[in-house]
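> Got a structure here, written out as structure tokens. Questions coming.
The values are calculated or read from the model by the stated rules, or taken from the named source; none is laboratory data. Owing to the predicted nature of the structure, the values given are computational and were not obtained by experimental measurement. Don't worry about glycine lacking a Cβ; one is built from the backbone with ideal geometry, like all the others, and counts go over all protein chains shown. Protein only, heavy atoms only, side chains kept; ligands, DNA and RNA dropped before computing areas. Shrake-Rupley method; radii C 1.70, N 1.55, O 1.52, S 1.80 Å.
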Amino acid sequence: MSSQPLDPRRLVGVHAERVTDVSSRDFPGHYPGEDHSWNLQRFKKNLKVKVQRLSNHSIEFDIVGVDASIANAFRRIMIAEVPAICIEHVFAFNNTSVIVDEVLAHRFGLVPLNVDPSLMEMRSPDDPPTDRNTLVFEVDVTCERNPKAPKGSTDPYELYINPEVLSSHITWSPAGEQAEVFADNAPAPTNPNIVLAKLRPGQQIHYQMHAVKGVGKDHAKFSPVATASYRLLPHIKITKPIPPHLAEKFQKCFSPGVIKINPRTREVSVDGNGARKDTVSREVLRHPEFTDSVELGRVRDYFLFNVESESAYRPERLLPEAIKVMREKLAIIKQAAEALREKSTTMDNDVVMTDV
Amino acid sequence: MVEDEDNEWGQLNLTNWKGLSATDPIKSVEDKWLLLPAFLKVKGLVKQHIDSFNYFVDVDIKNIVKANNKVTSDVDPRFWLKYTDINVGFPDRNEESSVDKKVTPNECRLRDTTYSAPIIVTIQYTRGKNIVQRNVNIGRLPIMLRSCKCVLTGRSEEQLARMIECPLDPGGYFVVKGTEKVILVQEQLSKNRIIVETDSAKGVVQASCTSSTHGGLKSKTYVATKKGKIYLRHNSIHEDIPIVIALKALGIQSDKEILLLTAGNTDAYKTAFSANLEDAAKLGVFTRHQALEYIGSRVKVNRRVMGPRRPAWEEALEALATIVLAHVPVKGLDFRSKAIFVATMTRRVLMAIDDEHMVDDRDYVGNKRLELAGQLLALLFEDLFKTYNSNLKNAIDKVLKKPSRTSEFDAFNTMRMQGDHLTSGFVRAISTGNWSLKRFKMERAGVTHVLSRLSFISALGMMTRISSQFEKTRKVSGPRALQPSQWGVLCPSDTPEGEACGLVKNLALMTHITTDVEEEPIIRLAFMLGVEDISLTTGTEIYGPHTFVVNVNGTIIGLTRYPTRFVAQFRKLRRARRFSEFVSIYINHHHRAVHIASDGGRICRPAIIVENGRSRVTSEHIQQLKKGTMTFDDFLKKGLVEYLDVNEENDTYIALYENDIVLTTTHLEIEPFTLLGAVAGLIPYPHHNQSPRNTYQCAMGKQAIGAIAYNQLNRIDTLLYLSVYPQQPMVKTKTIELVGYDKLPAGQNATVAVMSYSGFDRLADAPLDENGQISKKYDIIQLDGLAGVGERVDPGDVYVNKQTPSNAADNTFTGQAASVPYKNTPLTYKSPVSGNIDKVMISDTENDQTIVKVLIRQTRRPELGDKFSSRHGQKGVCGLIVNQEDMPFNDQGINPGN
């Protein structure tokens, strides 16, 4: 990628003491005297989305050719507006543990559930709970002494039965048509080993809990991602050949795998896709022998996303879900804008901005 | 080969081998700081309080009783009652009916009772013609937690857990009527020492000495200049007495001797003093009798017992023997040592007139004494005990006055009827903090404070606090300034800001405060080491060219011609543990005096002894310490470590680090960071901070919300702040681990981003919901009239449905219990934020009154306006709470927050 000459307009300059060309223009990607009007074909040609790494819980992908506002919108939506299912109401029947109700309820709320949010409806504060918008969970754990505990043992798991309340103790009680809807994937915490409370003999926790659909804006527990962030692709341009005796030193100024040294010619170059491994630490700019031999930068419209899913969504589903949410939002804006236009044409005077 | 061998020989002969020379120290003592945990293990963080209380309970209380051990009757001369012993027992439950007498401090806290132990005296008295011996309980003494009389002392963590007590709790406080009370350390000017001061404005030079004896009498004697002449001044004498007359009255009749004892052979002093001799002659005082007559006519006489008027000289004799400079012993009217003391005071004045540098510094820590709980309790006990005895005497007299009795008089019964004068006296004094002891002219308020339990550190910080007796309004900077002599004994950082700045101080980590050590053996030892008795000497010897005066606790006992040798031998004996390690000795070259101190309240600290340029503590010793085969006490016993008080520090040359040791070095610092206190020690890298930041942090560290004690969930305090998720600090200091802050932490390790944020400071006022009258709701009340545990309490909710008899003040008995009218006095929840019932406790107090305690919990999240701070005195108020998606993030996706 960095081997091809890059449009210098796409670069954010990273210098020893400052960063240049940071801010985007009023009309991003537009320059005076040039035609940059939006063109679907051209956008399609420039836009590249590529998955770099995918695992069960995280995904790394690149989005190239969009403005930061768009990329950031996806990031924000993934954190705050893609819905998820979480425990929201806790009804305490008994709690004799050391941990108090409010705190324990909060902990239950933070447990990620494996429920696909698309199968449920949003529940407004005044809505009654129904089988469409609420899942009922129960936890009833009592700690007892283990009569068969080996003598002299100090391990709580040997001494007691149920010394810990785990997320696996949360059981789902189906209601109405839920048994059919969730037949192939019974609602449960995604991780069965989360310790929620510790118990000692005689202590009991008996809670009933209602899980609802919500978004991260309301409470961080509804956020489907553990983290969703992006960075810009680093850009390294070697402008002057590096003297062979300084090659290793130059290489060490960057993260491992960024700079490659030709073993025969001792020529220094950026290793193929190596630039993306760099942290842009600017170490190289501290050494006077490398002045003017390298230019550092970041590519303005090249976003390297890293998203960790901590919900029912597969990691690769998060971006499409975010796009879905964004389209819904756009539809609302579009509708409002059209309503506004209609109003202005019928009334035949200046457009008055009012609430839609 | 041959060449190589030659080389080896050559290398051996080199003065420098592998960078080391023959004179270099062999190896450095690694981990010598481990002496600090070893020290804290034996002494603990609040050892000064506990040691002082132990001394009172074990030693002082017996001395007081010994001094007041007889009760006689005015009516029957054959009757007498004698106290032969006194003992303080262990705390027990002061209820007749209880089967299990064992009591824990936590029970006292919960039940609002006093953690106290019985005081048992052994008495001998006459019953008819027999002498009877019995043990009587005369009252109860509140017991300091973790003292030798406390049930918590020496218990393992497991046993403490069973008693619902925190192993990290320092103790050193009292539980009185359910509240934890601390008697703060009080700072005072030392007693029985001469302090010379000048008033340059008035041109006055004065030497003063506050005498304090075990009888409790306190008086201040001055020797001061007035219009160029020197006078003796004392509260019990109306007029200033010319010094020569005073000396003549003390038995030094010849002018020559007076001059020798005061001015010696120094011409400058002689000239300055001569006018005084003239003065006495002018007043016609030449003999001792004339001097006594002169003083006697000016003595304030307060005669209670009517009797024949005594001649003036007799009054003077009594005043001089018992009131003036009361601490100097007068045996069989031998005034010699007192005369020499007055002469010394005069000489000090003469010295200060001649050279203005010869004045003393009141702010010097060596001139200060710290008064602790033990001393204050001893005073209180003495006062209460004397009143008790006079009450007892009156009661006995009353019985004996009756001409006929049905049975033989037994004083034991009278004693049992004496009520709880001592018990209530102790409880009243400790719970109000008012020490008003008319007998000792003591009127002090605010001696005790409620132990602050806002955080573990605030409780700990309170135990090391020292309050000063100086007025806060006085506009002098001297007492507030940092004194160089504070090094190592008082924390340089930990002091409040504002009006009490510099007056309230805190002890450093290794500070120890001494308790009284008997001085007679020390005096005997000094004489054995060749000190010449002072009463056999005259001014010629005292001020001779090579003589040094030897003082013990401010009293002159003798002379020595070889002070260095004497001091060295004395120290050798101390290091060999022939007497208490807390007895200090030092040479004052200005005054040509050797001072030995064994009195209580001196501030001292341990240091490693260095001999011949080498530390006495070696790596082997530390290895043994690590293995547990040696304790701190062994280090003291073997003479590897010794205690230095502030005065003795002046005789030493202490190396900060081992590589600083030179030939003249006498001691090595155990660890430099011990110069800070327990609170300042929690600051990471304090040497990188601007100094006031450390001071700010000392005040602020106490406000951090976190864990308070292991028993925090079993406490029912009026206000308790706990953190749900406290974290132990990632950056720890050694002090943090030593005080246990990592086990009871406060605060969290936050990820911090510093960036600019444009916006407005906007605070919306939360509308207060005030309807005027909130109707009482009884929803959460259960059958017993108390709210159920776990229930939510909203403003206006009743949580204790209490009824009180409407005529509670009316004590008349009406006969029918059922007809007593009751009125509702429910307890309603007042806070605007709703809470939850956390705990309900029902018990009864010492006088069988039912007590109900309801603990209400509010769970709070950080909100706008909450204060946050780092550990470096940097605080700020939360102005904005940002949503996750609005947070800045870095390349790795890391957010600020935690």
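> Calculate the spin-label point distance for B:Glu863 paired with A:Lys343, positioning each point 7 Å from the Cα along the beta-carbon direction, and give it in nanometres.
Result: 3.7 nm between the two label points.
> Connecting C-alpha atoms closer than 10 Å in a GNM of chain A, tell me which of A:Thr134, A:Thr154, A:Thr171 has the biggest fluctuation.
Checking each option, the largest mean-square fluctuation is seen for A:Thr154.
> Same structure, new question: Rounded to the nearest 500 deg cm²/dmol, what is the calculated helix-only ellipticity per residue at 222 nm for chain B, with -39500 (n - 2.57) per DSSP H run of length n ≥ 4?
It lands at -7500 deg cm²/dmol.
> Using packing as a proxy for protection, rank B:615-625, B:638-648, B:421-431, A:32-42 so that the peptide with the highest average count of other Cβ atoms within 10 Å comes first.
Those peptides, ordered most packed to least, come out B:638-648, B:421-431, B:615-625, A:32-42.
> Given a Förster distance of 41 Å, report the FRET efficiency between B:Val731 and B:Asn612 from their Cβ-Cβ distance, rounded to the nearest 0.05.
Taking R0 as 41 Å, the efficiency between B:Val731 and B:Asn612 is 0.55.
> Quick one: what Rg and Dmax do you get for region A:168-242 from the alpha carbons, in Å?
Considering region A:168-242 through its Cα atoms, Rg and Dmax are 22.6, 75 Å.
> Turning to a different aspect of this structure: Which of the listed residues, B:Ile842, B:Ser337, B:Leu283, is farthest toward the dipole's positive end in the protein assembly as shown, when Lys, Arg count +1 and Asp, Glu count -1 at the beta-carbon?
Among B:Ile842, B:Ser337, B:Leu283, the one farthest towards the positive end of the dipole of the protein assembly as shown is B:Leu283.
> Quote the charge dipole size of region A:84-222 about the Cα centre in Debye, to the nearest 20; the model charges only the Cβ of Lys and Arg (+1) and of Asp and Glu (-1).
So the magnitude is around 620 debye.
> Only Cα pairs under 8 Å and at least 6 apart count here; give the relative contact order of region A:84-222 as a rounded whole percent.
44
> Same structure, new question: If B:Ser116, B:Ser756 are ordered by their accessible area, calculated over protein heavy atoms with a 1.4 Å probe, which sequence runs from highest to lowest?
Ranked from most to least accessible, the order is B:Ser756, B:Ser116.
> Within region B:79-107, find all residues whose amide N lies under 14 Å from a label point positioned 7 Å from the Cα of B:Asn714 along Cα-to-beta-carbon.
Residues B:103-107 qualify, since their backbone N sits under 14 Å from the label point.
> Report the relative contact order of chain B, percent, no decimals, based on alpha-carbon pairs under 8 angstrom and at least 6 residues apart.
Computed over chain B, the figure is 11 percent.
> If you don't mind, another one. Any number yet on Rg/Rh for region A:84-222, C-alpha, Kirkwood?
Answer for region A:84-222: 1.03.
> Under a crude label model (7 Å from the Cα following the beta-carbon direction), how far is A:Asp140 from B:Ser834 in nanometres?
If labels sit at A:Asp140 and B:Ser834, their model points lie 2.7 nm apart.
> Whole percent per 5 Å bin, from 0 to the bin with the longest distance: what is P(r) over all C-alpha pairs of region B:517-598?
In whole percents, the pair-distance histogram is 3, 16, 30, 27, 15, 6, 2, 0.
> Then there's this: Between A:Asp292 and B:Asp742, how high is the FRET efficiency from 1/(1 + (r/R0)^6) when r is the Cβ-Cβ distance and R₀ = 35 Å? Nearest 0.05.
Efficiency, from the Cβ-Cβ distance: 0.10.
> Would you kindly derive the ³J(HN,Hα) couplings of region B:228-241 from the backbone phi angles with the Karplus curve 6.51 cos²θ - 1.76 cosθ + 1.60 (θ = phi - 60°), listing them in order in whole Hz, with x for Gly and Pro?
x, 10, 10, 10, 9, 10, 8, 4, 8, 10, 4, 10, 6, 9
> Under the rule of at least 5 residues apart or a separate chain, name every residue whose amide H is placed under 5 Å from the amide H of A:Tyr160.
Under 5 Å from the amide H of A:Tyr160: A:Asn146.
> Oh, and also: Between A:Asp301, A:Asp62, A:Asp184, find the one with the highest GNM mean-square fluctuation for chain A; connect C-alpha pairs within less than 10 Å.
So, out of A:Asp301, A:Asp62, A:Asp184, the one fluctuating most is A:Asp184.
> In whole Hz, with x marking every Gly and Pro, tabulate ³J(HN,Hα) for region B:340-351 from phi via Karplus 6.51 cos²θ - 1.76 cosθ + 1.60, θ = phi - 60°.
5, 5, 5, 4, 5, 4, 4, 5, 5, 5, 4, 4
> Starting with the highest mean, order B:626-637, B:335-346 by the number of other Cβ atoms within 10 Å, averaged over the residues of each peptide.
Answer by packing, highest mean first, reads B:335-346, B:626-637.
> Could you give the nm distance between label points at A:Glu248 and B:Ser424, where each point is 7 Å from its Cα heading toward the beta carbon?
The answer from the label model is 9.0 nm.
> If you don't mind, another one. So if each residue of separation counts as 0.36 nm, and I subtract the Cα-Cα distance between B:Ala481 and B:His589, what length gain in nm does that give?
Difference between extended and current length: 36.3 nm.
> Rounded, prolate or oblate for chain B? Axes are the square roots of the Cα gyration tensor eigenvalues, ordered a ≥ b ≥ c, and the cut-off for rounded is a/c under 1.5.
oblate
> What is the magnitude of the charge dipole of the protein assembly as shown about its Cα centre, with +1 placed on the Cβ of each Lys and Arg, -1 on the Cβ of each Asp and Glu, and no other charges, expressed in debye to the nearest 20?
In debye, rounded to 20, the protein assembly as shown gives about 4040.
> Then there's this: Expressed as a rounded percentage, what relative contact order does region B:135-205 have, with Cα pairs under 8 Å and six or more residues apart?
It comes to 23 percent, rounded to a whole number.
> Counting only protein heavy atoms and rolling a 1.4 Å probe, how much accessible area do A and B lose on contact, total for both sides, in Å² to 100?
Roughly 1400 Å².
> So, one more: Residues in region B:183-207, backbone N under 13 Å from the label point at B:Glu356 (7 Å along the Cα-to-beta-carbon vector): list them, ranges by number please.
B:198-205
> Please get the size of the charge dipole for region A:154-309, origin at its Cα centre, with Cβ charges of +1 on Lys and Arg and -1 on Asp and Glu, quoted in debye to the nearest 20.
In total the dipole reaches around 860 debye.
> Work out the mean other chain Cβ neighbour count within 10 Å for the residues of B:880-890 and drop it here as an integer.
The shielding value for this peptide is 4.
> With angles folded into 0 to 90 degrees, how steeply does helix A:318-347 sit against the dominant principal axis of chain A? Use alpha carbons for both and round to 10.
Approximately 80 degrees, to the nearest ten.
> If you don't mind, there's one more thing I want to ask. Provide, in order from the shortest bin, the percent of all Cα-Cα pairs of the protein assembly as shown in each 20 Å bin, continuing until the bin that contains the maximum pair distance.
Histogramming the protein assembly as shown at 20 Å steps yields 8, 25, 29, 21, 12, 4, 0 percent.
> Also, quick follow-up: Positive end of the dipole of region B:517-598, charges at C-beta (+1 Lys, Arg; -1 Asp, Glu), about the Cα centre: which of B:Ser580, B:Val552, B:Ser535 has its Cα farthest in that direction?
B:Ser580
> Taking 0.36 nm per intervening residue step and subtracting the Cα-Cα distance, what contour gain separates B:Val204 from B:Ile120 on full extension?
25.0 nm
> How much accessible surface area, in Å² rounded to 10, belongs to the heavy atoms of A:Leu47 with a 1.4 Å probe?
Number for this one is 60 Å².
> Taking amide H atoms as placed 1.01 Å from N in the peptide plane, list the residues 5 or more away in sequence, or in a different chain, whose amide H sits under 5 Å from that of B:Ser116.
When sequence neighbours closer than 5 places are left aside, the close amide H contacts are B:Asp92, B:Ile143.
> With all pairs of different alpha carbon atoms counted, what Kirkwood hydrodynamic radius in Å does region A:62-116 show?
14.5
> Find the accessible area per residue for region A:84-222; the probe is 1.4 Å, ligands and nucleic acids are left out, and the unit is Å².
That works out to 51 Å² for each residue.
> Set the Förster distance to 25 Å, then compute FRET efficiency between A:Asp7 and A:Val51 from the Cβ-Cβ distance, nearest 0.05.
Between A:Asp7 and A:Val51 the formula returns 0.50.
> Could you pull out every residue, at least 5 positions away or on a different chain, whose amide H is within less than 5 Å of the one on B:Ile230? Hs are placed 1.01 Å off N in the peptide plane, and Pro or chain starts have none.
Distant-sequence amide H within range of B:Ile230: B:Ile243.
> Per the 1.4 Å probe, what fraction of the accessible area of chain A, in percent, lies on carbon and sulfur atoms?
53
> I've got another one for you. Across region B:718-735, in residue order, what do the Karplus-derived ³J(HN,Hα) couplings come to in whole Hz, using 6.51 cos²θ - 1.76 cosθ + 1.60 with θ = phi - 60° and x for Gly and Pro?
Along region B:718-735, the couplings run 5, 9, 9, 10, 10, 9, 6, 10, x, 10, 7, x, 7, 9, 10, 9, 5, 4 Hz.
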